[in-house]
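This report concerns only the one structure given below.
The values are calculated or read from the model by the stated rules, or taken from the named source; none is laboratory data. Here the structure is a predicted model, which is why all the values come from computation and not from measurement. Cβ coordinates were reconstructed from backbone atoms using ideal geometry, including for glycine residues, and neighbour counts include every protein chain displayed. Protein only, heavy atoms only, side chains kept; ligands, DNA and RNA dropped before computing areas. Shrake-Rupley method; radii C 1.70, N 1.55, O 1.52, S 1.80 Å.
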Amino acid sequence: MPESLSPPPEIARFAGSLRAGGVVAFPTETVYGLGADAGNSDAVLRIYEIKGRPRFNPLIVHCADLAMAGTLAEFSPLALRLAQFWPGPLTLVLPKKPGARLSDIVTAGLDTVGIRIPDHPLALALIGAAGVPLAAPSANPSGRLSPTTADQVVKAFQGLVPVLDGGACTEGVESTILAVAGDRVTQLRAGALPREEIESLLLQKLATDSGNGAILAPGMLASHYAPRATLRLDATAAQPGEAWLAFGPAPGAAANLSPAGDLHEAARNLFSMLHRLDETATRIAVAPIPETGLGEAINDRLRRAAAPRG
Ligand code: TXA
Ligand code: MG
């Protein structure tokens, strides 16, 4: 949307609600988010309540531009290089700036903050019109499948939150999360920005844990993204009673993440197809997905969806 045009009335209405402490759902390029003013503790608390989210799990803060992000976190030269991926599906966990207008509930009391600039015109227009950074987790009840359409959000919260409809998300899996501490960059969550792209910008390999085994992203529980149906992974065919979610040519499959074997298409279809199969099937068999590129994020979500439920 060109800056000279005023935002459509819907954006103005949603932005007004956010400024007044409301919670609204909005589209991003990855998944739909459940957003509130990141500086308003009461509003942020409502996100946790609506999602049923454990309080120790911090939220990602969505900014309209680097200037807004710079009010919240300290950007080292290395962090600024990574910010070249913005707007885009990358979250940077950075040292929180002293005095930042940021509720402690957003960061779950940590001295770091997770920030991203989403690559979606409606998200950027909404944040810009609200004029404040938006704390937003994925717009699903905690532990369930993430939503990639407005309809899924409406169903998940039974109309409790207003949803800004931006159609289907183009990426379909959540952002990649990197922690930047000194000269060390650690991938906390595989996501829509493939590891290979980050490593080729940095000319260095990403670390995958802190080196001491600590859990770095508090939200990375083993069981997550769970459909109601049980999942069987690396399935080369369906057994009786299973719905087969295929990848690559597979005539007769219940659904196919990408008949052409394209990982971007598969990522985009992943949550939508799981949502759809979950409406009728009790057992879903999923084809093997290569572990390269976006396959790392797809396999991460599938393994969590298949994990024993706590
Ligand atoms: O694509 C996305 O990232 C979507 C859209 C809406 O932007 N959001 C999303 O949020 O996936 P959520 O809440 O479902 O996942 C946020 C993850 C959690 O695993 C949380 O623990 C981690 O980010 N996180 C947030 N702040 C953090 C911090 N300061 N340190 C470590 N991990 C953090
Ligand atoms: Mg989530």
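Name the residues in the range 260-282 that are in contact with a strand residue (DSSP E or B) (Cβ under 8 Å, 6 or more places away or on another chain) and more than 14 Å from N299 (Cα to Cα), would you? Matches in the range 260-282: M273, R276, L277, D278, T280, A281, T282.
What tally of residues in the range 91-117 results from selecting those that are in contact with a helix residue (DSSP H, G or I) (Cβ under 7 Å, 6 or more places away or on another chain) and either at pLDDT below 95 or closer than 21 Å to Q187 by Cα (or both)?
Let us first name the residues in the range 91-117 that are in contact with a helix residue (DSSP H, G or I) (Cβ under 7 Å, 6 or more places away or on another chain), namely 92, 94, 103, 105-106, 115, 117.
Now restrict to residues that are either at pLDDT below 95 or closer than 21 Å to Q187 by Cα (or both): 92, 94, 106, 115, 117.
Residues that pass the stated criteria total 5.
When restricted to residues that are assigned to a loop (DSSP other than H, G, I, E, B) and either away from ligand 1 (no atom under 13 Å from the Cβ) or closer than 26 Å to I105 by Cα (or both), the range 162-180 contains 8.
For the range 58-135, which fully contained strands (runs of 3 or more DSSP E) count at least 2 residues that are crowded, with 22+ Cβ neighbours inside 10 Å and free of Cβ contacts under 8 Å to residues at least 60 places away in the same chain? Don't jump to the end; show me each part of the working.
On the way: elements: 60-62, 90-95, 112-116.
Qualifying strands (runs of 3 or more DSSP E): 112-116.
From the residues in the range 224-245 that are surrounded by fewer than 20 Cβ atoms within 10 Å (Cβ to Cβ) and among the charged types (D, E, K, R), which one is nearest to R144 (Cα to Cα)? Per the criteria, the residue is R228. Screening the range 136-161 for residues that are open to solvent by 10 Å² or more (accessible area, probe 1.4 Å) and touching a Gly at 6+ places or on another chain (Cβ under 6 Å) and picking the one that is farthest from ligand 1 (Cβ to nearest atom) gives P141.
Any residue at all in the range 274-285 that is closer than 19 Å to T170 by Cβ, of a type in the set (V, I, T) and outside the structural domain of E174 (by TED's automatic domain parsing)? Taking every residue of the range 274-285 in turn, none turns out to be closer than 19 Å to T170 by Cβ, of a type in the set (V, I, T) and outside the structural domain of E174 (by TED's automatic domain parsing).
For T282, the stated conditions do not hold, so it cannot be described as in contact (Cβ under 8 Å) with a residue 40 or more places away in the chain, over 11 Å from P227 (Cβ atoms) and not aromatic (F, W, Y). For first residues located in the range 158-183 and charged (D, E, K, R), partners that are within 13 Å of ligand 2 (Cβ to nearest atom) and in a strand (DSSP E or B) and lie 6+ apart or on another chain with Cβ distances below 8 Å form the pairs E174/S138; E174/R189. Scoring S146 on the criteria (1) more than 13 Å from G35 (Cα to Cα); (2) among the polar types (S, T, N, Q); (3) out of contact with any strand residue (DSSP E or B) (no Cβ under 6 Å at 6 or more places or on another chain) leaves a single failure, condition (3).
Would you say A130 is more than 15 Å from ligand 2 (Cβ to nearest atom) and under 16 Å from the mean Cα position of the chain (by Cα)? Here the answer is no, as A130 does not meet what is asked. Kindly check whether there is at least one residue in the range 53-72 that is charged (D, E, K, R) and touching a strand residue (DSSP E or B) at 6+ places or on another chain (Cβ under 7 Å). No, there is no match, as no residue in the range 53-72 is charged (D, E, K, R) and touching a strand residue (DSSP E or B) at 6+ places or on another chain (Cβ under 7 Å).
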